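Some notes on the structure that comes next.
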Amino acid sequence: MSEKSKLAEVARVFLKLGFIGFGGPAVHIAIMEEEIVRKRQWLSHEHFLDLIGATNLIPGPNSTEMALHCGHERAGWKGLLVAGACFILPAVIITGLLAWAYQRYGTLPQVAPFIYGIKPAIIGVVISLMITLGKKALKNIELGLIGVICVILALYGVNEIYILFGAGFLGILIYLAKNKAASINFILPLSLLLSEDIKISPSQSKIFWIFLKVGSILYGSGYVLFAFLNTELVKPGMITHQVLIDAIAVGQFTPGPVFSSATFIGWQMDGIKGAVAATAGIFLPSFVFVAFLNPLVRKLRSSKAMSAFLDTVNVASIALILAVCVDMGRSAITDWKTILIATAGLLVSLVFKKLNSAIVVLGGSLLGYFLWLV
């Protein structure tokens, strides 16, 4: 296949994922695994797992960075750019339209009946993904025990970066205990640390630098993003707390990366120019980090010691996904209706493995809508 054909294929796949990717990073990665590994076989399950683990070690939105990795695997650096743009653009456009409507009318559309069933269905899809990836990741008893420990630590609120790096270095120690003569070289991800003293001025350049800083140093889920933005924007009085809360809502019920909430906030600060500045700022670091990291992943895997590091990080990554499912379950599974939706989502995902995950999520939304009316 020619380079042009590969780029067109990458564009089609990630534009599709950008429009159907409801539910946050865990379900985005589940859909990518289905579309890219199982259906198109661009890369193996093992390498896909390695990329998940590596992505968790750098700042930024995990699912966007996985899209960048997969695009790079298929069509090089051009594929990285195309995959990232196509995955991000649908969310940014939809969020921009909502931001315009919000600024004009001062309210968001009533979508509660439609999102009622989405999260329970997503939990079913993600658990199905964990079963698939878990079979590949749990290579021995030690990794299983480390995975259990990581789940417990995550549920107790330990920072996920400590969990990931701690698990990785524990994996290396176990390897060294078994192979005392081994020598290792540590390759740690870079973090771009920007100045803290950004002056409060809602110009495009200031908006860009604020969101660039956040995108460069932020680890964790979309909820961690809003904690950062509360400090950077709400406390200095650049936006109100209500705008931040509404941005959270927009990030939850629109497809694509949750970080597209930056588009919504930027629009409220300085119209379409502010939206462009905030979007560019928060996503740019991911493109840079992945461009540097992607070539290193296979080199890390070729080293036996660093391979042990990756194996353990992969298990820790799956453990963190499980912890996310538990947290989601606490808020999303609240009655017999949501239990029914989650169970149905899991069973359909397990039985009909070739069925697109987006159909499961859409089915959960429709089922949730009808049960909401009951």
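The values are calculated or read from the model by the stated rules, or taken from the named source; none is laboratory data. Fair warning: this is a prediction, and the values are worked out from it, not measured in the lab. Heads up, the Cβs are rebuilt from the backbone with ideal geometry, glycines too, and the neighbour counts pull from every protein chain shown. With ligands, DNA and RNA removed, areas are computed over all heavy atoms of the protein, side chains included. Shrake-Rupley method; radii C 1.70, N 1.55, O 1.52, S 1.80 Å.
Overview of results
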{"quantity": "Net charge dipole size for the chain [Lys, Arg +1 and Asp, Glu -1 on Cβ; Debye, nearest 20]", "calculated": "780 debye"}
{"quantity": "Helical contribution to [θ] at 222 nm, DSSP H n ≥ 4, -39,500 (n - 2.57), averaged over the chain, rounded to 500", "calculated": "-25500 deg cm²/dmol"}
{"quantity": "Fraction of accessible area attributable to carbon and sulfur, the chain (%, probe 1.4 Å)", "calculated": "68 percent"}
{"quantity": "Dipole magnitude (debye, nearest 20) for segment 33-142, charges at Cβ of Lys, Arg, Asp, Glu", "calculated": "240 debye"}
{"quantity": "Only Lys, Arg (+1) and Asp, Glu (-1) charged, at Cβ; segment 233-374 dipole about Cα centre in debye", "calculated": "560 debye"}
{"quantity": "For segment 47-54, Karplus couplings with θ = phi - 60° (6.51, -1.76, 1.60), whole Hz, Gly/Pro x", "calculated": "5, 4, 4, 4, 5, 4, x, 5"}
{"quantity": "Mean Cβ count within 10 Å, highest first, over the residues of peptides 158-168, 1-11", "calculated": "158-168, 1-11"}
{"quantity": "Probe 1.4 Å, protein heavy atoms only - accessible area per residue of the chain in square angstrom", "calculated": "45 Å²"}
{"quantity": "Counted charge near VAL13, where neighbours are those whose Cβ lies closer than 14 Å (Asp, Glu -1; Lys, Arg +1)", "calculated": "+2"}
{"quantity": "Long-range amide H partners of PHE22 with built H, under 5 Å", "calculated": "GLY256"}
{"quantity": "Built amide H within the under 5 Å cut-off of GLY117, gap 5+", "calculated": "GLY368, TYR369"}
{"quantity": "Fully extended contour minus Cα-Cα distance, from GLN242 to SER302, at 0.36 nm per residue", "calculated": "16.6 nm"}
{"quantity": "Of TYR369, GLN268, ALA323, farthest towards positive along the dipole that unit charges on Lys, Arg, Asp, Glu beta carbons give segment 255-374", "calculated": "ALA323"}
{"quantity": "Derived scalar couplings ³J(HN,Hα) [segment 295-301; Karplus, 6.51 cos²θ - 1.76 cosθ + 1.60; whole Hz; x for Gly, Pro]", "calculated": "x, 7, 4, 5, 5, 4, 5"}
{"quantity": "Area accessible to solvent at TRP267, 1.4 Å probe radius, in Å²", "calculated": "40 Å²"}
{"quantity": "Charge tally in the Cβ shell below 13 Å around ILE146, where Lys, Arg are +1 and Asp, Glu are -1, ILE146 excluded", "calculated": "-1"}
{"quantity": "Backbone HN-Hα couplings from phi across segment 82-94 [Karplus 6.51/-1.76/1.60, Hz, Gly and Pro as x]", "calculated": "5, 4, x, 5, 5, 6, 7, 4, x, 5, 5, 5, 4"}
{"quantity": "Summed side-chain charge close to VAL37 - residues other than VAL37 whose Cβ falls under 11 Å, Lys, Arg +1, Asp, Glu -1", "calculated": "-1"}
{"quantity": "FRET efficiency for ILE141 and GLN41, using Cβ-Cβ distance with R0 set to 41 Å, rounded to 0.05", "calculated": "0.85"}
{"quantity": "Fluctuation leader among ILE36, ILE339, ILE123 - the chain, Gaussian network, Cα springs under 10 angstrom", "calculated": "ILE339"}
